[in-house]
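Student: Next up is a structure, given as structure tokens.
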Amino acid sequence: MAQSVNDRRRINGPEESYPPVFDDEDEDDLKLKTQRRRAPSDIRPIFLQPGLLSQANGSAYIETEKTKIACAVYGPRQSKTTTYSEKGRLNVEVKFAPFSCMRRRAPMRDAEDRSLGVSIHQAIVSSIRLELFPKSTIDVFITIIENDGIEGCIASGALAASTALADAGIEMLGLVASCSAAVVGDEIQLDPSEAEARASSGTVILACMPASDSITSIWQSGQMSADLSLKVPQCMEQCYERCIDIHSIVAQSLLEHRRTD
Amino acid sequence: MSSSSVTNSSAAEETLRAQIFQRLHPRVYLERFIAENIRPDGRTFDEWRNVSVNVGSISTADGSALVRMGDTTIVCGVKAEIAEPELDRPEQGFLVPNIDLPAICSPKFKPGPPTEEAQVLSDRLNEALVASGALSLSSLCIHPGKAVWTLYVDCTCINYDGNAFDAALLAMLGALRSTTLPKATYNEETGHTTCSRKTRSPVPLTRNFSSASFGVLDTSHVLSDPTAFEEPLMDVTLTVIVDDRGELISTTKSGGAISEEMLLRCIDRAKERVLKLTD
């Protein structure tokens with residue numbers, strides 16, 4: 001957005017520039033955009049392709065309507081630090097492409113990138129058998145090419161990371177499936193897009209391993225009021241059921257990829 | 001059954017031995033292929049990898065392109081913002097191209113600030129776009145002295161298998177060609193610019209051009225479109241940019257010395273290549 005610091009390592013534009021401001025005559029169009037076209041329990045169709053990047057040990061590309069994420073796994077490789085660690089380290093780095101959001105993002109990594117990295121790390125770390133890789137690091141790099149809601153990014157990112165790890169042949173306890181939900185009024189809508197999440201009062205992101213019937217991480221943000229506090233377990237239930245379906249999609253795509261190899 | 005499993009395991013052993021040899025002695029490995037007039041990926045010396053371009057798939061960007069040159073994959077997006085022009089150039093907009101080679105694209109790039117390779121690539125792409133005059137900056141003017149368009153053209157490499165420059169230039173031009181700018185009106189009283197969501201017009205590009213990169217091994221073998229394995233072994237790397245009318249825009253060469261005749265031969269090959277690409 002406003003780049004007042006001259007980045008000496010890149011070609012710089014003007015000191016300050018602003019995203020275009022649109023006139024308000026198109027408010028009706030905006031209302032149409034936030035109206036959901038799917039049923040509340042329908043998630044957006046997932047396109048998952050493992051093994052797309054040849055340079056990485058394992059990779060996956062996931063596309064759900066307007067969210068496009070590429071993930072690459074390098075490892076296990078030697079740890080940069082010299083301290084001995086009995087368990088392997090998992091390093092998740094998330095990068096937004098500058099053109100991925102409605103407002104251009106500066107190429108430098110900021111707090112949002114890191115918090116997304118932490119969320120995805122939390123979602124997948126318990127599924128990897130890190131005790132088999134002492135002194136090693138597994139690097140998971142995620143590049144978000146197009147972003148349609150942070151919840152969708154975290155969920156799809158965790159899916160892509162899990163698929164890429166499986167593609168790399170790293171031993172895991174199970175595949176991680178992840179789903180998000182938003183509470184709009186009294187209704188629970190699964191897999192919200194950016195506009196839907198902004199219109200909601202609170203969101204829940206659930207990551208789990210359906211194969212071993214366990215949950216790896218839950219993120220809840222926003223307001224879910226006291227008398228409707230049952231909303232959180234309800235969201236979790238619905239997300240979990242959806243995750244079982246998502247898990248079969250991931251397994252299917254991995255099997256197909258191996259078969260064509 | 002046992003004999004087929006024996007041949008299978010010996011074939012697997014052979015491949016493993018070849019891979020180990022490739023890792024330990026890359027130059028000798030490549031020279032053995034060159035001696036048979038072929039390259040490790042099966043191409044002849046002047047064969048180019050298949051190129052596929054996918055335009056306009058990213059809705060958050062004003063223009064976008066995804067280019068696959070063999071395995072090298074580059075995504076480019078154009079974002080348009082509004083800025084005040086420079087005082088000495090009140091009617092010129094800004095064109096800011098950048099390429100990022102993140103850690104995701106290759107094991108040789110570590111996470112962190114742009115490496116020297118990325119910085120050099122960004123600079124060369126900037127020079128190519130400016131020197132060619134493909135986009136006239138005065139066409140980006142909204143109101144002289146007050147508001148101009150700034151086009152941020154950002155490339156991200158997702159998979160690096162050599163020859164990022166050609167792919168990135170192709171991606172940038174593809175993205176620019178698919179870019180549409182909303183109609184902007186500058187309000188002199190308030191000093192604000194408002195845009196219309198309904199009318200969008202394309203960015204006027206005057207010239208269409210592409211680049212062709214070569215690598216020279218042992219001063220006599222010219223390989224076009226080197227892969228990530230061949231690139232570091234080349235003695236000389238040469239890039240020629242030609243437009244669709246066959247006019248030469250720029251030539252860049254780095255590395256050792258080559259003969260003039262070889263340089264001219266490369267320029268001719270580049271012209272053929274560009275003509276074929278624009279078809």
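Quick note: the coordinates plus some simple rules give every number you see, no bench work behind them. All values derive from a computational prediction rather than experimental measurement. Note that we place each Cβ from the backbone using ideal geometry, even for glycine, and neighbour counts take in every protein chain shown.
Student: Going 7 Å from the Cα of B:L248 along its beta-carbon direction, which residues of the stretch B:144-178 have the amide nitrogen within less than 20 Å of the resulting point?
Tutor: B:166
Student: While we're looking at this one, here's another question. Rounded to the nearest 0.05, what FRET efficiency is calculated for A:M108 and A:Y18 with R0 set to 22 Å and r the Cβ-Cβ distance? Could the numbers behind the result be given before it?
Tutor: Working: r = 19 Å, r/R0 = 0.85.
The value I calculate is 0.70.
Student: Ok, one more. So, in nm, how far is label B:T15 from label B:S220 when the simple model puts each one 7 Å beyond its Cα toward the Cβ?
Tutor: Distance between the two pseudo-spin positions: 3.4 nm.
Student: Just in the stretch B:1-87: which GluC sites (Glu not before Pro) are loop by DSSP and have at most 15 other Cβ atoms within 10 Å?
Tutor: B:E36, B:E47, B:E86
Student: Return the equivalent ellipsoid semi-axes of chain A as a descending list in whole Å, where each equals the square root of 5 times an eigenvalue of the C-alpha gyration tensor.
Tutor: 30, 26, 17
Student: I would also like to ask the following. Just need the relative contact order of the stretch B:133-279 here, percent rounded to a whole number, with Cα pairs under 8 Å and 6+ apart.
Tutor: Rounded, it is 20 percent for the stretch B:133-279.
Student: Suppose every K and R has +1 on its Cβ and every D and E has -1 on its Cβ; what is the size of the dipole of the protein assembly as shown about the Cα centre, in Debye to the nearest 20?
Tutor: It comes to approximately 820 debye.
Student: Suppose R0 equals 25 Å. What FRET efficiency, 1/(1 + (r/R0)^6) with r the Cβ-Cβ distance, do B:N208 and B:E117 give to the nearest 0.05?
Tutor: Step by step, r from the Cβ atoms, then E = 0.40.
Student: Next up: Would you mind checking the stretch B:238-265 for residues with the amide N under 14 Å from a putative spin-label position 7 Å along Cα→C-beta of B:T278?
Tutor: B:241-250, by backbone N distance to the label point.
Student: Rounded to the nearest 500 deg cm²/dmol, what is the calculated helix-only ellipticity per residue at 222 nm for chain B, with -39500 (n - 2.57) per DSSP H run of length n ≥ 4? All intermediate terms of the calculation are to be shown ahead of the outcome.
Tutor: Working: 5 runs with 83 residues, N = 279.
That comes out to -10000 deg cm²/dmol.
Student: Would you give the gap between the C-alpha center of the stretch B:157-211 and the C-alpha center of the stretch A:159-206, rounded to a whole Å?
Tutor: 33 Å
Student: Per-residue counts of other Cβ atoms within 10 Å, averaged by peptide: what ranking do you get for B:129-137, B:245-253, B:67-75, B:19-27, highest first?
Tutor: Numbers: B:129-137: 16.8, B:245-253: 13.9, B:67-75: 23.8, B:19-27: 11.6.
Those peptides, ordered most packed to least, come out B:67-75, B:129-137, B:245-253, B:19-27.
Student: Work out the length of the dipole vector of the stretch A:88-212 about its Cα centre, built from +1 on the beta-carbon of each Lys and Arg and -1 on the beta-carbon of each Asp and Glu, and round it to the nearest 20 debye.
Tutor: 520 debye
Student: Can you give me the Kirkwood hydrodynamic radius for the stretch A:37-134, using every pair of distinct Cα atoms, in Å to one decimal?
Tutor: So the Kirkwood estimate lands at 16.1 Å.
Student: Oh, and also: Roughly what would the spin-label model give for A:E187 and B:H25, points 7 Å off Cα along C-beta, in nm?
Tutor: 7.0 nm
Student: How do A:133-142, B:155-164, B:183-192 rank on mean C-beta neighbours within 10 Å, highest first?
Tutor: The densest-packed peptide leads the list: B:155-164, A:133-142, B:183-192.
Student: Let me ask something additional. Amide H neighbours of B:G63 under 5 Å, counting only residues 5+ apart in sequence or on other chains, H built in-plane at 1.01 Å?
Tutor: B:V78
Student: Suppose every Lys and Arg Cβ carries +1 and every Asp and Glu Cβ carries -1, with no other charges. What dipole size does the stretch B:51-158 come out with about its Cα centre, to the nearest 20 debye?
Tutor: Value, rounded to 20: 300 debye.
Student: Say each of B:E84 and A:L132 gets a label point 7 Å from the Cα, pointing the same way as Cα to Cβ; how far apart are those two points in nm?
Tutor: The answer from the label model is 6.1 nm.
Student: What is the Cα coordinate range of the stretch B:33-134 on the first, second and third principal axes, sorted by size from largest, in whole angstrom?
Tutor: That works out to 60, 29, 29 Å along the principal axes.
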